[in-house]
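Structure record follows, encoded as structure tokens.
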């Protein structure tokens, strides 16, 4: 495994190793000629050298590698001739960098070899290919304003990934899809890419419908999103260019925000998930009471309604644990009711049928 390291520093011109010289032009037009010793130059550029190690750390983290996994580091770019850069790389990787190649030619040679492959020629010495990756995760919005990631960042392209989703309400015949990009947990903190609708879903109980959402990213980075209902086969789609209008600085900012707000984002996600689950449980319980309240005594109905009210009051709070505990309490209170409904449903299904017909 080899990694490349480069630096954004410009190599001083017309200088000796011991006394770097810098000539600059002020806004007034006057020239200033300064002589810097090596120690001073290393000191004033130390923060820039350390800054170049940031992308190296990110590359290792994204690749799931440790410093110990790297067998050699190739220095790329003329600035890597500077001793302070080579020392920083050696300290970080705990091994001397491979600087026996001309750093000015390494990038040009690599680009020429890749161009040769893209031209349709087979490389000598084995197969190799430079792969592009998706810089930010792609997904859709789910109930509660949550971002459900389908294609994680750093996935190589072309790629295709799919995930199934279900309906939220009874009798739901359509679904709206909001395609988003980013690493945050809430849609409001992600980048909106596109919206489209899927209609023609057969009316069913909440959670019974199944819609398969497929994300496809081609070699040019073009994203196509398809949604297909599994029962009827109705489908809808949208195509978008995720990288359109997105600069490297925007990507870096979005990644930085996801790291800085990771803790609060997870709390916000847990809170919204408990709110969605609580609302779904309340709606399902009330529907069941409307249909089969006769299966319960008045006292039993009263207990269940009290649990519903307690949970509903907590849905607007920011205490995710309290919401979860209230939902668990309502679930326990309706366990016997659910069993009675199931028994009643089985009796209705078997009414008027002979045992012989069931065996058949």
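Where a number appears in this text, it was derived from the coordinates with a stated rule and is not lab data. Keep in mind that what you see is a predicted model, and the values were worked out from it rather than measured. All Cβ positions, glycine included, derive from the backbone under ideal geometry; neighbour counts span all protein chains shown.
How large is the helix-only mean residue ellipticity at 222 nm for the chain, computed as the sum of -39500 (n - 2.57) over DSSP H runs with n ≥ 4, divided by its residue count, in deg cm²/dmol to the nearest 500?
So the helix-based figure for the chain works out to -13500 deg cm²/dmol.
GNM on the chain, alpha-carbon springs under 10 angstrom: the most fluctuating residue among 203, 158, 96 is 96. Highest GNM mean-square fluctuation among 318, 192, 302, for the chain modelled with Cα contacts below 10 Å: 302. The stretch 53-100 and the stretch 171-188 have Cα centres lying 40 Å from one another. Mind grabbing the base-10 log of I(q)/I(0) for the stretch 262-350 at q = 0.20, 0.25 Å⁻¹? Debye formula, identical points on the C-alpha positions, no solvent, two decimal places. Debye output, listed in q order: -0.88, -1.19.
Counting only C-alpha contacts under 8 Å and six or more residues apart, can you give the relative contact order of the stretch 271-360 as a whole percent?
Details: 46 pairs, mean separation 32.3, N = 90.
RCO, the stretch 271-360: 36 percent.
Taking the chain as the reference, fit the longest principal axis to its C-alpha atoms, fit the long axis of helix 248-260 to the helix C-alpha atoms, and give the angle between the two in degrees, 0 to 90, nearest 10. So the helix axis and the longest Cα principal axis differ by about 60 degrees.
The ranking of 342, 204 by Cβ neighbour count inside 10 Å, starting from the fewest, reads 342, 204.
Between 111, 194, 262, the Gaussian network model of the chain with springs among Cα atoms under 10 angstrom shows the greatest mean-square fluctuation at 111. This ranking places 324, 199 by how few other beta-carbon atoms lie within 10 Å of each, fewest first, which gives 199, 324.
Note that the stretch 138-259 shows a convex hull volume over its alpha carbon atoms of 95 Å³ per residue.
By other beta-carbon atoms within 10 Å, ranking 106, 133 with the fewest at the front produces 133, 106. Mind checking the angle between helix 103-118 and the chain's longest principal axis? C-alpha axes, 0 to 90 degrees, to the nearest 10. Orientation of helix 103-118: about 50 degrees from the principal axis. Relative contact order, whole percent, for the chain stands at 9, derived from Cα pairs under 8 Å and 6 or more residues apart.
Counting pairs of alpha carbon atoms under 8 Å apart in space and at least six apart in sequence, what relative contact order in percent does the stretch 186-307 give? Kindly include the intermediate steps, with their values, before the conclusion.
Details: 85 pairs, mean separation 21.9, N = 122.
Normalised by residue count, the contact order of the stretch 186-307 is 18 percent.
Out of every Cα-Cα pair that the chain contains, those further apart than 39 angstrom amount to 44 percent. Helix 320-333 axis versus longest C-alpha principal axis of the chain: approximately 30°, rounded to the nearest ten.
When the alpha carbon coordinates of the stretch 98-203 are projected onto the principal axes, the ranges are 68, 29, 19 Å, largest first. With r defined as the distance between the Cβ atoms of residue 112 and residue 61 and R0 fixed at 30 Å, what FRET efficiency is calculated, to the nearest 0.05? After rounding to 0.05, the efficiency reads 0.50.
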